[in-house]
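The values are calculated or read from the model by the stated rules, or taken from the named source; none is laboratory data. These figures come from a predicted structure and were not determined experimentally. Using ideal geometry, Cβ is built from the backbone for each residue, glycine included, and neighbour counts are taken over all protein chains shown. Side chains are part of the model used for accessible areas, which takes the heavy atoms of the whole protein and leaves out ligands, DNA and RNA. Shrake-Rupley method; radii C 1.70, N 1.55, O 1.52, S 1.80 Å.
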Amino acid sequence: MTANPEASKRTKDGSTTVPNHVAIIMDGNGRWAESRGLDVSEGHHAGFENLQRVVADFAKRGVKYLTMYAFSTENWDRPESEVQGILELAIAVIAHEAQQLHENDVRIKHLGRVDRLSDELREELQQAVDMTAGNSGLTLGIAFDYGGRAEIANAAKQLIADGVSPDDIDEQKFAEYLYTSDMPDVDLLIRTGGDFRISNFLLWQTAYSEFYSSDIWWPDFYGEHIDSAFESFSERQRRFGKRI
Ligand code: IPE
Ligand code: IPE
Ligand code: MG
């Protein structure tokens with residue numbers, strides 16, 4: 001879908017604007033652990049716990065789409081023990097949480113490559129996606145083995161494989177071939193951990209997103225920190241290139 005000035009909606013009292021699609025770069029697990037003298041694996045554990053905690057927070061605030069960057073195509077280059085730990089955590093969290101998310105009417109989507117995932121993780125993800133496919137509440141996008149450039153290259157490859165004529169390729173057609181084909185553009189992109197970079201996340205879908213960087217490390221980003229991000233968002237004037 002394309003950028004839409006009406007994509008954000010006002011709450012009943014008109015005081016704040018709730019972003020329709022929030023995407024989060026969940027960064028800072030390593031520094032959170034280091035600051036406590038803990039192993040990095042403890043940071044990722046705390047990070048996954050926070051992920052479970054915040055999903056309901058965003059749904060409660062009226063967000064319809066939430067996309068979480070959990071593991072990038074570049075994160076494979078980290079030490080093997082760290083990567084292994086993240087993969088095991090992901091399997092455990094999906095196995096443990098999918099049923100509860102289903103009961104909360106959450107629709108789970110996986111964004112990213114599947115060919116490099118273990119059979120166990122691929123199956124857990126697929127089961128969660130299938131079980132929740134008919135739900136109509138929050139759509140939760142889990143970006144795992146996700147890279148924005150890989151996503152775009154894959155879309156081009158699939159268009160060619162499908163024999164789509166160059167004359168029929170426009171922005172809308174191209175977007176149909178992305179992992180996010182049935183999701184709107186991102187309204188608010190949050191990055192925790194203090195950096196100001198996109199790190200290969202949703203390169204296409206963030207063309208007109210508002211950006212919010214928080215100094216808080218991901219495991220501690222909930223409650224009032226989400227409020228602050230939303231307050232900042234509601235003060236933005238989105239112009240989409242127009243003279244407004
Ligand atoms: C983000 O936390 C989680 C992943 C990339 C999987 P980091 O592990 O990158 O945390 P920092 O940036 O080292 O603090
Ligand atoms: C981005 O964080 C990826 C995820 C949060 C999954 P990184 O820690 O990998 O990003 P860089 O290396 O600081 O750009
Ligand atoms: Mg990091």
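Averaged over every viewing direction, what's the projected area of the C-alpha convex hull for the stretch 185-244? Give it in nm², one decimal, please.
Averaged projected hull area, Cα only: 4.6 nm².
Could you run the Karplus curve 6.51 cos²θ - 1.76 cosθ + 1.60 with θ = phi - 60° over the stretch 64-80 and give me ³J(HN,Hα) per residue in whole Hz, x for Gly and Pro?
9, 10, 10, 10, 10, 8, 9, 7, 9, 4, 8, 5, 4, 7, 6, x, 4
Any idea what the relative contact order of the stretch 103-184 is, in percent, if you count C-alpha pairs under 8 Å spaced at least 6 apart?
36 percent
Starting from the Kirkwood Rh over alpha-carbon pairs, what translational D in µm² s⁻¹ does the stretch 34-76 have by Stokes-Einstein at 4 °C and 1.567 mPa s?
The Stokes-Einstein estimate is 105 µm²/s.
Counting pairs on different chains as well as pairs 8 or more places apart, how many Lys pairs in the chain have Cα atoms under 21 Å apart?
Summing the qualifying lysine pairs gives 9.
Indicate the gyration tensor shape class of the stretch 121-214 (rounded, prolate or oblate), computed on the Cα atoms with a ≥ b ≥ c the square roots of the eigenvalues: a/c under 1.5 is rounded; otherwise a/b larger than b/c is prolate and the rest oblate.
oblate
Please report, in debye to the nearest 20, how large the charge dipole of the stretch 27-103 is about its Cα centre when each Lys and Arg carries +1 at its beta carbon and each Asp and Glu carries -1 there.
Dipole about the Cα centre, nearest 20: 480 debye.
Output needed for the chain: three equivalent-ellipsoid semi-axes, defined as square roots of 5 times the C-alpha gyration tensor eigenvalues, in descending order, whole Å. Each step should come with its number before you reach the end.
On the way: eigenvalues 139, 118, 64 Å².
With the √(5λ) rule applied to the chain, the semi-axes are 26, 24, 18 Å.
When all protein chains stay in place, what accessible area (Å², nearest 10, 1.4 Å probe) is found for Asp167?
The value for Asp167 is about 140 Å².
If you count only protein heavy atoms with a 1.4 Å probe, what accessible area per residue comes out for the chain, rounded to a whole Å²?
51 Å²
Just reorder Arg122, Arg53 by solvent-accessible area, largest first, 1.4 Å probe, all chains present.
Of Arg122, Arg53, the descending order of accessible area is Arg53, Arg122.
Is there a quick way to get the dipole size of the chain? I mean about its Cα centre, with the Cβ of Lys and Arg at +1 and of Asp and Glu at -1; what is the value in debye to the nearest 20? Write down the numbers at each step before the final one.
Working: 25 positive and 41 negative charges, 205 e Å.
Dipole about the Cα centre, nearest 20: 980 debye.
Got a number for carbon plus sulfur as a percent of the chain's accessible area, 1.4 Å probe?
After summing per-atom areas, the C and S share lands at 47 percent.
Under 5 Å between amide hydrogens, which residues at least 5 positions from Lys109 or on another chain qualify, with H placed 1.01 Å from N in the peptide plane?
Here the answer is Leu140, Gly141, Ile142, since their amide H atoms fall under 5 Å of that of Lys109.
Checking the a/c ratio against 1.5 first, then a/b against b/c, what shape does the Cα gyration tensor give for the stretch 80-157?
Judged from the Cα gyration tensor, the stretch 80-157 comes out oblate (a/c at least 1.5, b/c at or above a/b).
Would you kindly find the accessible area of Glu124, with a 1.4 Å probe and non-protein molecules such as ligands, DNA and RNA excluded, rounding to the nearest 10 Å²?
That residue has around 50 Å² of solvent-accessible surface.
Measure of size requested: the Rg and Dmax of the stretch 48-111, with Cα atoms as the atom set and Å as the unit; please supply both.
Cα-based Rg and Dmax for the stretch 48-111 come out at 13.2, 39 Å.
Just from its helices, what would the mean residue ellipticity at 222 nm be for the chain, if runs of 4 or more DSSP H residues each count -39500 (n - 2.57) and the sum is divided by every residue, rounded to the nearest 500 deg cm²/dmol? Present the calculation step by step, with values, prior to reporting the outcome.
On the way: 7 runs with 96 residues, N = 244.
When only DSSP H runs of four or more count, the value is -12500 deg cm²/dmol.
Given Ile86, Gln126, Leu111, which one lies farthest toward the positive end of the charge dipole of the stretch 84-149, if we put +1 on the Cβ of every Lys and Arg and -1 on the Cβ of every Asp and Glu?
Value: Leu111.
What share of the DSSP beta bridges in the chain is antiparallel, in percent to the nearest 5?
5 percent
About the Cα centre of the stretch 170-244, how large is the charge dipole given +1 on each Lys and Arg Cβ and -1 on each Asp and Glu Cβ? Please answer in debye to the nearest 20. List each step's numbers first, then the result.
Working: 8 positive and 14 negative charges, 88 e Å.
With only Lys, Arg, Asp and Glu charged at Cβ, the dipole is about 420 debye.
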